[in-house]
Amino acid sequence: MIKINNLQKNYKDFSLDVSLEIPAGTVTGLIGKNGAGKSTTIKAILGLIKPDGGTLEVLGKDPQKFTSKDKEQLGVALSDSGFSMMLNLEDIVKILKSMYRSFDEKFFREQCKEQGLPFDKVLKDFSTGMKAKLRVLVAISHAAKLLILDEPTSGLDVLARNDILDMLRNYLAQDSERSILISSHISSDLEGICDNVYMIHKGKIILREDTDAILGQYGILKVSEEEYAKLDKQYLKATKKESFGYACLTNEKQFYLDNYPNIVVENGNIDDMIMILLGGK
Amino acid sequence: MKGLLIKDYLTIAKQKKLAVLYVFVAIMLSFSMDSSFIVSYFSLIGSLLVLTTLTYDSFDNGYPFLMSLPVTAKTYVYAKYLFSFLGLLGFWGFSVILQFASLILRKESFEVLDVLSMDVTFFPMFLFIVGLMLPISLKFGAEKARIILIVIFGLVFVVGIMGKKLLETAVKDYHIDFETIIKKLDAMPQQVVALSLAGLGILAFVISMKISIGIMKKKEF
């Protein structure tokens, strides 16, 4: 679905150099701090910015050469950009109907009702959660092959976030070939839906891993200075100095559980991984 | 493209209250002022309204999402120009009807062809202004475009004054007989002048569209 090879984009104070691949039928998370390069990567995938180098293929085509028809295969939700706030849902239905040949009006209307989105209010009067739900609904209502979602759950409470993740799960359930690229800095969302995760930092991918591996094989060792000195470090991915000694990220949790029965080994999760990878040595 | 036209139409339709006010003012004025005023007034309102759709496109950082929809740089520009042309034509056409209504109600005697050929000159004039504003707005954003337009009009004014002086020198030094040229132009049938102006306006509009496509293709969102 997406193949990116050394995609480069240079700004005055920021450079992006990213490679990633999203096969059909997978959900990929792009995780990183604000300003890490998530949105720039997504904009390049959508053809909104012109890369300075590297190759980029989305649905088998260079996004710069996308036709309107090609773009109909994409479902897009951007965090900071959407329909004019003056419009209401009836207006949006009219626009989408004439934009996408496969727009499913019935589904869209039903989902709007189910999610409690009012048809008579202008978007300006929608709550943050309503706006976020609408953005995702717009993306999933025309049988897109690939969803590109930039921070779809940002700023939402747990319930609204779950509603959105459920919508995405339903979208995926309808066709096994569908793929999603989802960027977020809320790792629990990604753990719940992604097959694999790319971590981006200062414009570069610093880790790619299957979510199952992160949750199953990754672990955090919490060791004192002395324990750290004795530790076999070949399976440590990163280490971070802490007040008690060191927190170490490993992708072979079992090895340390078996060989160092006295040290504390916590299960891996994306948040801890980020903390150690980005704050470690 | 149809979706973009609908979007722009809905954006303008949201300004209904303003539109009612405009029409009310126009009707009031049409009874107190020269009847052709109503045509220029409505064409101006039409130009401003079609240009506001650009402002709405850019509100709340709207462009990245807009350009992620099934829209290319080319279709966006085509739709914007088609909408502007049709919008302007609509406002102009409506004002011409109002003008005739006002002339009839005021029981003034008039020559239909004379009135029409005067009206026809307004259309390309505003088409030209919109054609000037669209690429500037696309390049620099709608807010800056307004300032740039004021600067352009200022420059035109200065160039006009300088041009006048140059012409006066030309008349004095080279004995060019401008009066005869102007008389000849005056003698041309008004319809011919109006139609040539309309042709020029449309040509300028098409050139402006080509420039806008270039701007949009280069633009990053």
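The values are calculated or read from the model by the stated rules, or taken from the named source; none is laboratory data. Please read these numbers as outputs of a predicted model, since none were measured by experiment. Neighbour counts run over all protein chains shown; Cβ positions are idealised from the backbone, glycine included. Accessible surface is based on the protein model in full, side chains and every heavy atom, while ligands, DNA and RNA are left aside. Shrake-Rupley method; radii C 1.70, N 1.55, O 1.52, S 1.80 Å.
All but one of (1) over 27 Å from A:Phe108 (Cα atoms); (2) assigned by TED's automatic domain parsing to the domain that holds A:Met99; (3) surrounded by 21 or more Cβ atoms within 10 Å (Cβ to Cβ) hold for A:Ala247; which doesn't? Unmet condition: (2). On the basis of being surrounded by 15 or more Cβ atoms within 10 Å (Cβ to Cβ) and outside any strand (DSSP E or B), does A:Glu209 make the cut? Considered against the rule, which asks whether it is surrounded by 15 or more Cβ atoms within 10 Å (Cβ to Cβ) and outside any strand (DSSP E or B), A:Glu209 comes out as no.
On the given criteria, is B:Leu103 open to solvent by less than 60 Å² (accessible area, probe 1.4 Å) and under 19 Å from the mean Cα position of the chain (by Cα)? No; evaluated as a whole, the condition is false for this residue.
The number of residues in region A:152-185 being closer than 13 Å to A:Ile270 by Cβ and either assigned to a helix (DSSP H, G or I) or open to solvent by 30 Å² or more (accessible area, probe 1.4 Å) (or both) comes to 1.
Candidates are the residues of region B:31-65 that are more than 18 Å from B:Phe123 (Cα to Cα) and more than 8 Å from chain A (Cβ to nearest Cβ); the one that is surrounded by the most Cβ atoms within 10 Å (Cβ to Cβ) is B:Thr53.
Within region B:4-18, does at least one residue satisfy the condition of being open to solvent by 40 Å² or more (accessible area, probe 1.4 Å), of a type in the set (Ser, Thr, Tyr) and free of Cβ contacts under 8 Å to residues at least 24 places away in the same chain? Checking region B:4-18: not a single residue is open to solvent by 40 Å² or more (accessible area, probe 1.4 Å), of a type in the set (Ser, Thr, Tyr) and free of Cβ contacts under 8 Å to residues at least 24 places away in the same chain.
Buried (at least 20 other Cβ atoms within 10 Å of the Cβ) and either hydroxyl-bearing (Ser, Thr, Tyr) or under 30 Å from B:Lys217 (Cβ atoms) (or both), is that true of B:Ser68? Spelling it out, B:Ser68 is indeed buried (at least 20 other Cβ atoms within 10 Å of the Cβ) and either hydroxyl-bearing (Ser, Thr, Tyr) or under 30 Å from B:Lys217 (Cβ atoms) (or both).
Residues in region A:267-281 that are modelled with pLDDT of 85 or more and open to solvent by 70 Å² or more (accessible area, probe 1.4 Å): A:Asn267 only.
Among the residues of region B:66-85, the ones that are more than 9 Å from chain A (Cβ to nearest Cβ) and free of Cβ contacts under 8 Å to residues at least 60 places away in the same chain come to 1 in all. Taken together, A:Glu72, A:Glu114 contain a single residue that is assigned by TED's automatic domain parsing to the domain that holds A:Glu151 and either aromatic (Phe, Trp, Tyr) or open to solvent by 60 Å² or more (accessible area, probe 1.4 Å) (or both), which is A:Glu114. Residue-level analysis places A:Phe66 outside the set of residues that are closer than 22 Å to A:Phe107 by Cβ, in contact (Cβ under 8 Å) with a residue 12 or more places away in the chain, of a type in the set (A, V, I, L, M, F, W, C) and within 8 Å of another protein chain (Cβ to nearest Cβ). All conditions in (1) in contact with a Lys or Arg (Cβ under 9 Å, 6 or more places away or on another chain); (2) open to solvent by less than 10 Å² (accessible area, probe 1.4 Å) hold for A:Val264, with the sole exception of (2).
Could you tell me which residue of region A:83-100 is nearest to A:Tyr171 (Cα to Cα), considering only residues that are in contact with a Pro (Cβ under 9 Å, 6 or more places away or on another chain) and either in a loop (DSSP other than H, G, I, E, B) or more than 10 Å from chain B (Cβ to nearest Cβ) (or both)? Within region A:83-100, the match that is nearest to A:Tyr171 (Cα to Cα) is A:Tyr100.
When A:Phe119, A:Phe83 are checked against the criterion of being at pLDDT below 95, assigned by TED's automatic domain parsing to the domain that holds A:Leu46 and either under 22 Å from B:Asn61 (Cα atoms) or β-branched (Val, Ile, Thr) (or both), A:Phe83 stands alone in meeting it. Residue check: is A:Tyr218 over 28 Å from A:Thr41 (Cβ atoms), free of Cβ contacts under 8 Å to residues at least 60 places away in the same chain and either crowded, with 18+ Cβ neighbours inside 10 Å or in the same structural domain as A:Gln8 (by TED's automatic domain parsing) (or both)? Against the criterion (over 28 Å from A:Thr41 (Cβ atoms), free of Cβ contacts under 8 Å to residues at least 60 places away in the same chain and either crowded, with 18+ Cβ neighbours inside 10 Å or in the same structural domain as A:Gln8 (by TED's automatic domain parsing) (or both)), A:Tyr218 does not qualify. Residue count for region A:4-38 under the criterion of being surrounded by fewer than 21 Cβ atoms within 10 Å (Cβ to Cβ) and either in contact (Cβ under 8 Å) with a residue 60 or more places away in the chain or out of contact with any strand residue (DSSP E or B) (no Cβ under 8 Å at 6 or more places or on another chain) (or both): the result is 14. The set of residues from region A:39-69 being surrounded by fewer than 15 Cβ atoms within 10 Å (Cβ to Cβ) and of a type in the set (Val, Ile, Thr) comprises A:Thr55, A:Thr67.
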